[in-house]
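Notes follow the structure.
The values are calculated or read from the model by the stated rules, or taken from the named source; none is laboratory data. In this text the structure is predicted, and so the values were computed from the model without any measurement. Cβ atoms come from the backbone with ideal geometry, glycine included; neighbour counts cover every protein chain shown. Ligands, DNA and RNA are stripped out before the accessible areas are found, and what is left, the full protein with its side chains, is counted by its heavy atoms. Shrake-Rupley method; radii C 1.70, N 1.55, O 1.52, S 1.80 Å.
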Amino acid sequence: MKILRRLCVFFVLLGILVGGAALYLSEKYVVPIIMYHHISPGTLVETDRVSPENFRIQMNYLLRHHYNVIPFDEFVKGMKAGKKFSYKTVVITFDDGYEDNFTYAFPVLQQLKLPAIMFICPGFAGKKGFMNWDQIKTIQAGGVVSFGSHTMTHTYLPMVSREQQEYEILESKRILEQEL
């Protein structure tokens, strides 16, 4: 009898603890930003590369498990307004503007109608391994991917002068606005 009573008390306390933790965490949900660099085939294990097959599996997982994938600008507006995002809200981003994003990621995002943002370096557009402006405009016309600046030349801003920082940021913005 004593053991049964202790078990009941234990489970009640456990329920209160789990319920309280769930309530606390639901109020503190932090929207994950899923960031990619390369989406490309290959056997070499690289920390910044996901195979096209795995990328498709990951995107299908988000849909199958009812994740709320939102555009980056909606996330930023919500953060500025103090919005509490629902559990399972995520944002998808890509860095640098690699050509494989056009070849492998864009078709999946478009087919599954998943919003994303690609942060590109205008100074690299059209160079070997990077998307050119026609590819970037094709993605933009697809309606699911937006673009943002990732500086002109991927410069590590804390290590350059203020003048260079301003150039990297402002010129990148100017060119993106001009082209897109």
Taking the stretch 32-75 only, how many residues are of a type in the set (A, V, I, L, M), in a strand (DSSP E or B) and without any contact (Cβ under 8 Å) to a residue 40 or more places away in the chain? 1
Lone unmet requirement of (1) open to solvent by 30 Å² or more (accessible area, probe 1.4 Å); (2) modelled with pLDDT of 95 or more for P52: (1)
Which one of the conditions (1) open to solvent by less than 30 Å² (accessible area, probe 1.4 Å); (2) in contact with a strand residue (DSSP E or B) (Cβ under 9 Å, 6 or more places away or on another chain); (3) under 19 Å from E179 (Cβ atoms) does M59 fail to meet, given that it meets all the rest? (3)
Check off (1) open to solvent by less than 30 Å² (accessible area, probe 1.4 Å); (2) closer than 30 Å to Y67 by Cβ; (3) touching a Pro at 6+ places or on another chain (Cβ under 7 Å) for M152 and give me the number that stays unchecked. (2)
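Among the residues of the stretch 111-118, are any surrounded by 16 or more Cβ atoms within 10 Å (Cβ to Cβ), touching a residue at least 24 places away in the same chain (Cβ under 8 Å) and either more than 18 Å from D73 (Cα to Cα) or over 15 Å from the mean Cα position of the chain (by Cα) (or both)?
Within the stretch 111-118, the first condition is being surrounded by 16 or more Cβ atoms within 10 Å (Cβ to Cβ), and the residues that meet it are 114-118.
Okay, now just the ones that are also touching a residue at least 24 places away in the same chain (Cβ under 8 Å), so 114-118.
From what's left, either more than 18 Å from D73 (Cα to Cα) or over 15 Å from the mean Cα position of the chain (by Cα) (or both): none.
The answer is no; no qualifying residue exists.
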Every residue from the stretch 119-174 that is part of a helix (DSSP H, G or I), touching a residue at least 24 places away in the same chain (Cβ under 8 Å) and among the polar types (S, T, N, Q): Q135, T138, Q140, S172
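Given D100, D95, which one is in a strand (DSSP E or B), acidic (D, E) and buried (at least 17 other Cβ atoms within 10 Å of the Cβ)?
Testing whether each residue is in a strand (DSSP E or B), acidic (D, E) and buried (at least 17 other Cβ atoms within 10 Å of the Cβ) leaves just D95.
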How about the stretch 119-130: which of its residues are open to solvent by 10 Å² or more (accessible area, probe 1.4 Å) and under 16 Å from the mean Cα position of the chain (by Cα)? F119
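So, S161, is that one crowded, with 18+ Cβ neighbours inside 10 Å, of a type in the set (S, T, Y) and modelled with pLDDT of 95 or more or not? Break it down stepwise before answering.
Numbers: crowded, with 18+ Cβ neighbours inside 10 Å: no; of a type in the set (S, T, Y): yes; modelled with pLDDT of 95 or more: yes.
Judged against the criteria, S161 is not a match.
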